[in-house]
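Read the structure below first, then the notes.
The values are calculated or read from the model by the stated rules, or taken from the named source; none is laboratory data. Because the structure is a prediction, the values reported are computed rather than measured. Glycine also receives a Cβ, built like all others from the backbone with ideal geometry; neighbour counts cover every protein chain displayed.
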Ligand SMILES: Nc1ncnc2c1ncn2[C@@H]1O[C@H](COP(=O)(O)OP(=O)(O)O)[C@@H](O)[C@H]1O
Ligand SMILES: [Mg+2]
């Protein structure tokens with residue numbers, strides 16, 4: 001069991017408030033999409049969960065195998081240790097390090113370090129392309145391959161809760177489809193609980209159980225199911241071009 005609960009968080013940068021009383025949850029085994037166009041606070045929300053920024057108010061709680069932990073005030077390393085990991089927007093790889101070195105760096109969680117060879121093997125089975133290129137510098141890979149490294153690196157810490165920030169950015173449509181399908185496959189294989197930020201509604205809806213729409217740092221709509229999202233007027237207007 002692994003769930004994430006975000007309650008009324010407000011957060012921002014310096015004096016600029018970006019998130020306003022955001023409440024959202026992801027239950028065990030769900031894939032929940034956080035929909036929003038550029039600059040509406042998706043990354044800020046995911047960074048708040050990872051301890052990369054500290055909310056000014058509200059609560060972020062996880063429950064992993066019956067153990068409830070409040071993440072507010074915890075550092076990112078500790079949060080990773082607790083079983084949360086993130087695929088950041090724009091991949092954020094170490095371009096001069098090899099694929100394998102980038103992946104190994106993802107395994108700093110103590111439990112993960114003990115089974116690093118096994119997890120690396122799993123990543124290479126999942127992404128055979130990365131196995132072929134394990135000794136290649138990450139910066140010399142194509143965009144699609146770099147996104148594979150970013151996802152694989154997040155898996156190296158053996159997370160229970162996975163945050164994925166706009167996996168579709170900068171990828172050709174066919175690669176987006178493959179990446180979205182891969183996230184679903186990984187979720188099922190590894191029993192992950194997934195929160196995915198996306199602005200590509202048509203792709204996200206392929207794997208989302210339900211979702212939220214964030215506008216100017218406010219949750220404007222909560223869709224309780226995929227069809228709930230598809231039938232929402234705001235989504236039709238802004239994401240489906242109706
Ligand atoms: N490091 C930062 N410093 C100051 N403002 C930021 C920073 N990062 C993001 N912002 C601002 O916060 C708002 C939300 O950004 P972000 O969370 O990145 O949105 P999204 O991920 O939905 O595109 C934007 O107005 C953006 O300019
Ligand atoms: Mg973003």
*Only one of 170, 75 that is out of contact with any strand residue (DSSP E or B) (no Cβ under 6 Å at 6 or more places or on another chain), over 27 Å from residue 200 (Cα atoms) and in the same structural domain as residue 197 (by TED's automatic domain parsing)*: 75
*Check the stretch 160-174 and report whether any residue there is more than 15 Å from the chain's Cα centre (by Cα), within 16 Å of ligand 2 (Cβ to nearest atom) and either under 14 Å from residue 87 (Cα atoms) or in contact (Cβ under 8 Å) with a residue 12 or more places away in the chain (or both).*
yes
*Index of the failed condition, residue 51 passing every other in (1) surrounded by 17 or more Cβ atoms within 10 Å (Cβ to Cβ); (2) outside any strand (DSSP E or B); (3) in contact with a strand residue (DSSP E or B) (Cβ under 7 Å, 6 or more places away or on another chain)*: (3)
*Which of the residues that make up the stretch 54-106 are closer than 22 Å to residue 170 by Cα and within 16 Å of ligand 1 (Cβ to nearest atom)?*
86, 87, 88, 89, 90, 91, 92
_Just the residues that are at negative phi and more than 13 Å from ligand 1 (Cβ to nearest atom), please, taken from the stretch 11-53._
23, 24, 25, 26, 27, 28, 30, 31, 32
*Tally time: how many residues in the stretch 78-98 are in contact with a strand residue (DSSP E or B) (Cβ under 8 Å, 6 or more places away or on another chain) and buried (at least 17 other Cβ atoms within 10 Å of the Cβ)?*
9
*What number goes with the only condition from (1) within 16 Å of residue 165 (Cα to Cα); (2) more than 16 Å from ligand 2 (Cβ to nearest atom); (3) part of a helix (DSSP H, G or I) that residue 77 does not pass?*
(1)
*Could you tell me which numbered condition residue 48 fails, if it satisfies all but one of (1) in contact with a helix residue (DSSP H, G or I) (Cβ under 9 Å, 6 or more places away or on another chain); (2) within 16 Å of ligand 2 (Cβ to nearest atom)?*
(1)
*When you scan the stretch 6-38, how many residues do you find that are more than 14 Å from residue 219 (Cα to Cα), modelled with pLDDT of 95 or more and surrounded by fewer than 16 Cβ atoms within 10 Å (Cβ to Cβ)?*
6
*Within the stretch 126-149, how many residues turn out to be surrounded by 24 or more Cβ atoms within 10 Å (Cβ to Cβ) and under 25 Å from residue 41 (Cβ atoms)?*
1
